[in-house]
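As structure tokens, the structure follows; a few thoughts come after it.
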Amino acid sequence: MNCFSIVLLERVRSLSASLLFVCWAFASVGLAQQPLKTLLAGVDHRAVTSLNGDWHYLVDQPPAKGLYTSSGKIRDNGYALNTRPNIKDGPHNEEYDFATAPTLKVPVDWNTQDPTLFRYEGVVWYQRDFNYTPQPNTRTFLHIGAANYKSFIWVNQKRICDHEGGFTPFDCEVTAVLKPGDNFVVIAVDSTRDIDGIPSVGIDWFNYGGLTRDVSLVTLPTKFIDDYDVHLKHGTTFSAAEADTLAGYIHVEGATTGTTVTLRVPEAGVDAALKTDGNGRASFEVKAKHLELWSHENPKLYAVELASGEDRLNDEIGFRDIRVEGTKILLNGKPIFLQGANMHAEAPYRTGRACTDEDVKNIFGFLKDLNANFVRLAHYPHDERMERAADREGIMVWSEIPLWQHISFEKPEVYAKATYMLNEMIRRDRNKASVILWSVSNETPNNPVRTKFLTDLANEARRLDPTRPITSALIGPHLKGTEMVQDDPFADALDVVGQNEYIGWYELRPEDADNIQWKLPQKPILISEFGAEAKQGVHGGKDERWTEEQQVNVYEHQFIMIKKIPQVRGLVPWVLMDFRSPTRNIPKLQDGFNRKGLISEDGKKKLAFTLFQKVYTERSVGKSE
Ligand code: GCB
């Protein structure tokens, strides 16, 4: 087994006060040479040098001999060196050449850019040149918004970092390997599914590979703000009259005790000079002169300025209180009912992994048209643009790590991966007011090993962020007569319980829902998935599968059932838009798409969309009180 110790202290600083050494096996994948020590928050609000654009690429088909040795180690003497083959004379040397290779756009998955790579899951090498002008007293990081699934990175032939996980950002320090003028970066991205990965091998979505989000170089002063949390103080109770205090911390990497940090929110009358402690963290509680709280109706964002020494970072942050009381979800002290939809990170119209401003605009256009106030970003963190848009548009968000169905729960190294993915997600999005729920998993099998794993993970999420409720989507209710019983012990560890069910599609008939009584935990319940497939444009009787009418029929019976569950605090139909899933193989109906969308992948609304639009406008299903 090839293992390495990774010092998680810096990556999960708030997670542990002591060094936590984690060693995980990259299956047969080889050694990571350096631990990732830095994780930069707020990069999308910094001035960066974008490395988006055209990158040369070469496909390293399994067994990927350019990347892996026969014993599964990472090869440091192959493509990573980016040398040229002797084409004309001299002894034959290399079997690759980036300089003459075609290019792929970054970001954007490889599958939808090169038809020969459409179903490819394996290693693709990316290379690009860039120019660098050294600046004294700075540190430079290569920031990768996301690369699915494992990445191995070299700059100027030096291996600088590895990363596992396809949906969260990471940062590799390149200060020591950069030179004035021409430089190059080579990244091998391996999208091969791994039984011990998160997610594991079985997924119901398309495994888009590659550098799927923005890539940039971030140059910072030697002491810099790498993490911050600016939120409305989250006390044991909430009172609108007293909601005038901002709390949190600003962490300065490299700071010694007593380093000054300033926090300014001019519009709220906040101008505070703070001091770091021995860990570089300046914790604070400061009174604002006036605060308008963020909500769906009033998504107020404030310009927030952080500074320490040479470093400056400007963000836009909303302030609000989210908590659970009994079976209610309270936003700013008032009960809310979440009218939402699930969404995969699938780009409308063009298909592919959503990653552009245009994709986000289209998705939010659908949500607003639906009159939604909530979206579950399934089943992994989406592009950061989504949460930024949600902040601006007042759409509340459920954000989750890709812990989907069957995971190697018995393996400590998988738990370590889950915690750092959770940390990467929370680090990136903790300052987004729209994010009201962290989800640790979706539809996992109920057994003691998994329950312990997920309970620990839920507690970890709570420890990383004590201001937001923790949730998960559960399956496995069992029918006892006409009673549907959810007694999964993992629900005890959750603040909000997501209940997935497909009555009328995978089980029973649509009308059976009318008579089912649910026995659910006395906690706020979100019906986090329900629905049926329909091919847009196919019409027929309400009992005819695949028709838009049948999809509507399923939902209408669901509404009869859901109205009788007193704890329900939200509706999250599966799914807003049809999405690619290669396991969906019924020709002419699915053609590689999961068809449970309210909208087709090319933006055409099905009848069920109109149904939800009406229900959400009239607020006819569900109550907040
Ligand atoms: C589920 C999963 C979701 C699937 C959906 C389906 O329960 O959570 O990822 O896509 O069912 O359509 O089967």
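The values are calculated or read from the model by the stated rules, or taken from the named source; none is laboratory data. For clarity, every value in this text was computed on a predicted model and none was experimentally measured. All Cβ positions, even for glycine, are placed from backbone atoms using ideal geometry, and neighbour counts span all protein chains on display. Surface accessibility is based on the protein's heavy atoms, side chains included, excluding ligands, DNA and RNA. Shrake-Rupley method; radii C 1.70, N 1.55, O 1.52, S 1.80 Å.
Kindly indicate the residue of the stretch 425-467 that is buried (at least 24 other Cβ atoms within 10 Å of the Cβ) and in a loop (DSSP other than H, G, I, E, B) and also farthest from the ligand (Cβ to nearest atom) among those meeting that condition.
In this case the residue turns out to be A433.
Only one of these is assigned to a loop (DSSP other than H, G, I, E, B), out of contact with any Leu (no Cβ under 9 Å at 6 or more places or on another chain) and not assigned by TED's automatic domain parsing to the domain that holds V43: N362, N371. Name it.
N371
Return the residues of the stretch 548-587 that are part of a loop (DSSP other than H, G, I, E, B), more than 20 Å from Y349 (Cα to Cα) and within 16 Å of the ligand (Cβ to nearest atom); say none if nothing qualifies.
V572, P573, T583, N585, I586
Can you name the condition, by its number, that V552 falls short on among (1) surrounded by fewer than 18 Cβ atoms within 10 Å (Cβ to Cβ); (2) over 21 Å from G498 (Cα atoms)?
For V552, the failing item is (1).
For the list (1) open to solvent by 20 Å² or more (accessible area, probe 1.4 Å); (2) touching a strand residue (DSSP E or B) at 6+ places or on another chain (Cβ under 6 Å); (3) within 16 Å of the ligand (Cβ to nearest atom); (4) not aliphatic (A, V, I, L, M), I need the number of the one condition that W518 fails.
With (1) open to solvent by 20 Å² or more (accessible area, probe 1.4 Å); (2) touching a strand residue (DSSP E or B) at 6+ places or on another chain (Cβ under 6 Å); (3) within 16 Å of the ligand (Cβ to nearest atom); (4) not aliphatic (A, V, I, L, M) applied to W518, the lone miss is (3).
How about the stretch 150-198: which strands (runs of 3 or more DSSP E) wholly inside it have at least 3 residues that are touching a strand residue (DSSP E or B) at 6+ places or on another chain (Cβ under 8 Å) and more than 30 Å from H379 (Cβ to Cβ)?
Per the criteria, 181-190.
Looking at the stretch 75-92, I want the residues that are over 26 Å from V155 (Cβ atoms) and have a partner that is surrounded by fewer than 17 Cβ atoms within 10 Å (Cβ to Cβ) with Cβ atoms under 7 Å, at least 6 apart or on another chain. Which pairs are those?
Cβ pairs passing all conditions: H92/N86.
Of the residues R350, R320, only one is in a loop (DSSP other than H, G, I, E, B), among the basic types (K, R) and crowded, with 17+ Cβ neighbours inside 10 Å; which?
Among R350, R320, only R320 is in a loop (DSSP other than H, G, I, E, B), among the basic types (K, R) and crowded, with 17+ Cβ neighbours inside 10 Å.
Could you please let me know if I395 is β-branched (V, I, T), in contact (Cβ under 8 Å) with a residue 12 or more places away in the chain and within 15 Å of the ligand (Cβ to nearest atom)?
no
Give me the residue from the stretch 521-540 that is more than 20 Å from W398 (Cα to Cα), within 16 Å of the ligand (Cβ to nearest atom) and touching a Leu at 6+ places or on another chain (Cβ under 9 Å) and, out of that set, most open to solvent (accessible area, probe 1.4 Å).
Residue satisfying both the conditions and the ranking: K535.
Looking only at the stretch 64-91, filter to residues that are among the hydroxyl-bearing types (S, T, Y) and closer than 17 Å to I187 by Cβ; which one of those is surrounded by the fewest Cβ atoms within 10 Å (Cβ to Cβ)?
T83
Among the listed residues W55, W110, identify the single one that is assigned to a loop (DSSP other than H, G, I, E, B), in the same structural domain as N156 (by TED's automatic domain parsing) and open to solvent by less than 60 Å² (accessible area, probe 1.4 Å).
Only one candidate passes the filter, namely W110.
Can you go through F593, F612 and tell me which one is at pLDDT 95 or above, in contact with a helix residue (DSSP H, G or I) (Cβ under 8 Å, 6 or more places away or on another chain) and open to solvent by less than 30 Å² (accessible area, probe 1.4 Å)?
F612
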